[in-house]
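Novice: Got a structure for you, questions after.
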Amino acid sequence: MGNLIFKIEEIKNNKGLKINIKPELSLFSDSLTQYSKLKDLTTDCVFSIGASSIMLEAEVEADIELTCSLCLKKFDKKIKETIEEFYDINNEEIDLKEILSETLSMMEPMRPVCSKDCHNDLIEKYSAKHAMQSQFSKLKDCKFK
Ligand SMILES: [Zn+2]
């Protein structure tokens with residue numbers, strides 16, 4: 001089940017909706033920086049109907065390949081996030097692409113480190129570490145398409 005658009009009428013008729021979604025990963029190719037790669041994404045969604053809105057509670061689980069900000073090694077990490085969002089009940093449909101994309105960029109660590117022991121020697125040499133990190137964050141701000 002990869003569809004991310006839900007008709008509000010259908011959710012209302014069914015008095016809510018519980019669904020597990022595995023979206024197409026290519027939809028989110030712009031959600032992460034070029035240092036990270038989305039490898040898997042699953043979402044457990046629960047839509048509940050309120051007086052004037054539909055509430056979405058979702059558990060997002062992503063497998064992301066990250067680049068260590070210290071040694072530049074690539075490593076995989078599973079990251080989970082719970083989101084809550086309200087939608088106007090008078091709208092026609094709910095499109096989850098935007099909220100999932102925002103959630104993914106929020107889930108991506110700013111300065112991932114591959115392991116606790118990575119470049120321990122550099123921690124003493126603060127200036128060297130600092131230089132590397134500011135270089136990395138400068139690169140992170142650039143968006144390549
Ligand atoms: Zn590392």
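Novice: Just one of 32, 38, 56 is modelled with pLDDT of 95 or more, closer than 17 Å to residue 97 by Cα and not in a strand (DSSP E or B); which is it? Break it down stepwise before answering.
Specialist: Working: 38 fails: not in a strand (DSSP E or B); 56 fails: not in a strand (DSSP E or B).
Going through 32, 38, 56 in turn, just one is modelled with pLDDT of 95 or more, closer than 17 Å to residue 97 by Cα and not in a strand (DSSP E or B): 32.
Novice: For region 66-75, check the following and say yes or no: at least one residue is in contact with a Cys (Cβ under 6 Å, 6 or more places away or on another chain) and away from the ligand (no atom under 16 Å from the Cβ). Working first, answer last.
Specialist: To start, the set of residues in region 66-75 that are in contact with a Cys (Cβ under 6 Å, 6 or more places away or on another chain) comprises 68, 70-71, 73, 75.
Narrowing further to those that are away from the ligand (no atom under 16 Å from the Cβ): none.
No; the residues of region 66-75 include none that is in contact with a Cys (Cβ under 6 Å, 6 or more places away or on another chain) and away from the ligand (no atom under 16 Å from the Cβ).
Novice: Within the set of pairs 6 or more residues apart or between chains, which connect a residue that is touching a residue at least 60 places away in the same chain (Cβ under 8 Å) inside region 18-46 to a residue that is surrounded by 14 or more Cβ atoms within 10 Å (Cβ to Cβ) and aromatic (Phe, Trp, Tyr) with Cβ atoms less than 9 Å apart?
Specialist: Pairs that qualify, where the first residue is touching a residue at least 60 places away in the same chain (Cβ under 8 Å) and the partner is surrounded by 14 or more Cβ atoms within 10 Å (Cβ to Cβ) and aromatic (Phe, Trp, Tyr), are 35/136; 38/28; 41/28.
Novice: Please determine whether any residue of region 98-105 is surrounded by fewer than 17 Cβ atoms within 10 Å (Cβ to Cβ), of a type in the set (D, E, K, R) and either in contact with a helix residue (DSSP H, G or I) (Cβ under 8 Å, 6 or more places away or on another chain) or not in a loop (DSSP other than H, G, I, E, B) (or both).
Specialist: Checked against the condition, which is being surrounded by fewer than 17 Cβ atoms within 10 Å (Cβ to Cβ), of a type in the set (D, E, K, R) and either in contact with a helix residue (DSSP H, G or I) (Cβ under 8 Å, 6 or more places away or on another chain) or not in a loop (DSSP other than H, G, I, E, B) (or both), region 98-105 yields at least one hit.
Conditions (1) within 18 Å of residue 21 (Cα to Cα); (2) out of contact with any Phe, Trp or Tyr (no Cβ under 9 Å at 6 or more places or on another chain); (3) of a type outside the set (S, T, N, Q), marked per residue:
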{"residue": "46", "(1), (2), (3)": "yes, yes, yes"}
{"residue": "51", "(1), (2), (3)": "no, yes, yes"}
{"residue": "60", "(1), (2), (3)": "yes, yes, yes"}
{"residue": "79", "(1), (2), (3)": "yes, yes, yes"}
{"residue": "96", "(1), (2), (3)": "yes, no, yes"}
{"residue": "102", "(1), (2), (3)": "yes, yes, yes"}
{"residue": "111", "(1), (2), (3)": "no, no, yes"}
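Novice: I'm checking my understanding of the structure. Among residues of region 53-65 that are among the charged types (D, E, K, R) and within 17 Å of residue 31 (Cα to Cα), which one is farthest from the ligand (Cβ to nearest atom)?
Specialist: Going residue by residue through region 53-65, those that are among the charged types (D, E, K, R) are 57, 59, 61, 63, 65.
Then drop every residue that is not within 17 Å of residue 31 (Cα to Cα), which leaves 61, 63, 65.
On the way: 61: 24, 63: 19, 65: 13 Å.
Ranking the qualifying residues of region 53-65, first place goes to 61.
Novice: So, one more: Consider only pairs whose beta carbons are under 9 Å apart and that are at least six residues apart or on different chains; among these, list those whose first residue lies in region 97-116 and is among the acidic types (Asp, Glu) and whose second residue is within 16 Å of the ligand (Cβ to nearest atom).
Specialist: 108/35; 108/36; 108/64; 108/66
The values are calculated or read from the model by the stated rules, or taken from the named source; none is laboratory data. Everything numeric in this text was worked out from a predicted model, so none of it was measured. Reconstructed Cβ throughout: ideal geometry from the backbone, glycine too, with neighbour counts over all protein chains shown.
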